[in-house]
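Read through the structure below, which is laid out as structure tokens, and then see the notes.
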Amino acid sequence: MRRQDFVATTLAIALALPAGASADLAILQYHHISNNTPGATSTSLALFQAQLQMIEQLGLSVEPLYEATQKALAGDGGDAVALSFDDAYSSVYSNAAPILTRLNYPYTLFVNTDTIGNSGFMTLQQLQELESTGLATIANHSAGHGHLAKAPNEKVEQWRERVRQSLDGAQTLLEREFGSAPPMFAYPYGEFDAALEQQMNQRGWLAFGQQSGPVGATSSRTRLPRFPMANAYGQLQGLENKLLSKALPVPAKDLPDGIVSANPPHLRMTLPSGFTPDKLTCFGSGQGRIKVTANAQQANVQAPAAFSSRRFRYNCTYPAGDGRFYWLSQPWLNLSRPED
């Protein structure tokens with residue numbers, strides 16, 4: 001479909017950023033681009049095209065993920081978007097890549113290397129073909145897409161060896177087949193804990209989760225947020241707010257690692273001077289809006305009921321002016337719940 005044809009699938013949106021506005025880096029996360037794959041991880045082709053059209057109409061720059069993230073962490077990520085695809089599904093090769101090539105948009109494919117060539121996944125030749133265009137970056141999504149956070153009864157040395165084999169085995173294969181592999185990693189299922197973050201730091205890798213929000217100067221290199229763009233979360237109503245959002249300026253080092261010790265968990269964060277906690281709006285996965293209580297600059301967030309899922313989030317926004325929002329998502333991981 002030609003670029004001008006995309007307009008028919010979009011809503012009426014603003015044609016440019018508000019005067020003087022500046023967003024942080026919005027990283028969009030995809031899995032399948034298809035009308036015929038599992039709904040929870042799929043973005044329809046029409047919606048994908050409409051999302052790209054909105055990016056273009058807002059005047060945002062689509063930039064390579066690694067370079068854009070480094071700029072955003074340095075405080076210079078304004079008005080930029082980066083595109084990422086987890087698992088290297090064949091639908092991305094068939095449906096998304098031709099569009100991105102025509103638009104000259106860079107993108108990153110996070111590959112779990114054990115599935116290369118399996119049914120429904122790209123072959124090595126297809127990955128090499130996309131990488132040769134200069135637009136696609138091939139990056140590490142582990143070897144077998146396993147749950148990498150340490151299990152409650154797992155011995156530390158066993159866990160370290162399991163992580164080493166998965167992370168370094170995949171990186172070695174990518175380096176062999178593509179000549180090099182960028183220092184980037186996407187956590188399978190978006191799951192991580194403090195020990196896994198330490199493994200990323202030791203390797204000097206940027207590490208990306210699946211919690212929503214933009215990347216800014218206060219973001220952590222080892223728990224970088226991305227906006228999920230599957231059908232349920234990537235609809236055009238609300239997408240502009242995500243693309244133009246700014247990272248809530250709460251240092252990542254002050255946030256918990258997300259492992260659930262009490263359910264529902266309690267999130268405490270100190271807002272910067274000039275921010276008032278009563279303007280903070282937070283939501284819990286499947287529970288809707290959560291009451292925020294305040295103690296001076298400290299905001300306290302706790303859902304009213306326990307969560308039954310293994311993974312869930314608190315998503316918080318704060319008005320930034322010009323109709324835009326600061327955004328922060330705190331992911332939680334309940335290791336007592338079964339793995340997928």
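The values are calculated or read from the model by the stated rules, or taken from the named source; none is laboratory data. Everything numeric here is computed off the predicted structure, so don't read it as measured data. With ideal geometry, Cβ positions are generated from the backbone for all residues, glycine too; neighbour counts draw on all protein chains shown.
If only residues of the range 167-187 that are in contact with a Gly (Cβ under 9 Å, 6 or more places away or on another chain) and over 24 Å from GLN125 (Cβ atoms) are counted, the one that is surrounded by the most Cβ atoms within 10 Å (Cβ to Cβ) is TYR187. If you go through the range 163-204 and keep only what is within 16 Å of VAL111 (Cα to Cα) and of a type in the set (S, T, N, Q), you end up with GLN165, SER166, GLN171, THR172, SER180. Taken together, the residues in the range 131-163 that are in contact with a Ser or Thr (Cβ under 9 Å, 6 or more places away or on another chain) and not β-branched (Val, Ile, Thr) amount to 13.
Could you tell me whether any residue of the range 169-177 is assigned to a loop (DSSP other than H, G, I, E, B) and in contact with a Ser or Thr (Cβ under 9 Å, 6 or more places away or on another chain)? Scanning the range 169-177 turns up no residue that is assigned to a loop (DSSP other than H, G, I, E, B) and in contact with a Ser or Thr (Cβ under 9 Å, 6 or more places away or on another chain). Scanning the range 289-313 for residues that are loosely packed, with under 14 Cβ neighbours inside 10 Å and closer than 24 Å to GLU191 by Cβ yields ALA305, ALA306, SER308, SER309. Checked against the criterion of being surrounded by fewer than 20 Cβ atoms within 10 Å (Cβ to Cβ) and closer than 30 Å to ASN35 by Cα, the range 259-282 has no qualifying residue. The number of residues in the range 311-340 that are among the charged types (D, E, K, R) and within 18 Å of the chain's Cα centre (by Cα) comes to 2. Among the residues of the range 193-244, the ones that are over 23 Å from PRO38 (Cβ atoms) and touching a helix residue (DSSP H, G or I) at 6+ places or on another chain (Cβ under 9 Å) come to 22 in all.
Do we have any residue at all in the range 107-127 that's small (Gly, Ala, Ser) and either crowded, with 17+ Cβ neighbours inside 10 Å or at negative phi (or both)?
So in the range 107-127, the residues small (Gly, Ala, Ser) come out as 117, 119-120.
Then keep just the ones that are either crowded, with 17+ Cβ neighbours inside 10 Å or at negative phi (or both); that gives 119.
Yes.
Among residues of the range 88-110 that are closer than 15 Å to GLN53 by Cα, those with a Cβ under 6 angstrom from a residue that is not in a loop (DSSP other than H, G, I, E, B), sequence gap 6+ or separate chain, pair up as ALA96/ILE33; LEU100/TYR107; TYR105/VAL62. Across the range 314-324, which residue is modelled with the lowest pLDDT among those that are surrounded by fewer than 20 Cβ atoms within 10 Å (Cβ to Cβ) and touching a Phe, Trp or Tyr at 6+ places or on another chain (Cβ under 9 Å)? Top of the filtered list is ALA320.
Applying the criterion of being of a type in the set (Gly, Ala, Ser) and in contact with a helix residue (DSSP H, G or I) (Cβ under 7 Å, 6 or more places away or on another chain) to the residues of the range 288-336, the residue that is nearest to GLY258 (Cα to Cα) is ALA299.
Given the criteria assigned to a strand (DSSP E or B), on the phi < 0 side of the Ramachandran plot and at pLDDT 95 or above, does LEU130 qualify?
Numbers: assigned to a strand (DSSP E or B): no; on the phi < 0 side of the Ramachandran plot: yes; at pLDDT 95 or above: yes.
No: the conditions fail for LEU130.
Could you please let me know if ARG162 is without any contact (Cβ under 8 Å) to a residue 24 or more places away in the chain, assigned to a helix (DSSP H, G or I) and surrounded by 14 or more Cβ atoms within 10 Å (Cβ to Cβ)? Against the criterion (without any contact (Cβ under 8 Å) to a residue 24 or more places away in the chain, assigned to a helix (DSSP H, G or I) and surrounded by 14 or more Cβ atoms within 10 Å (Cβ to Cβ)), ARG162 qualifies.
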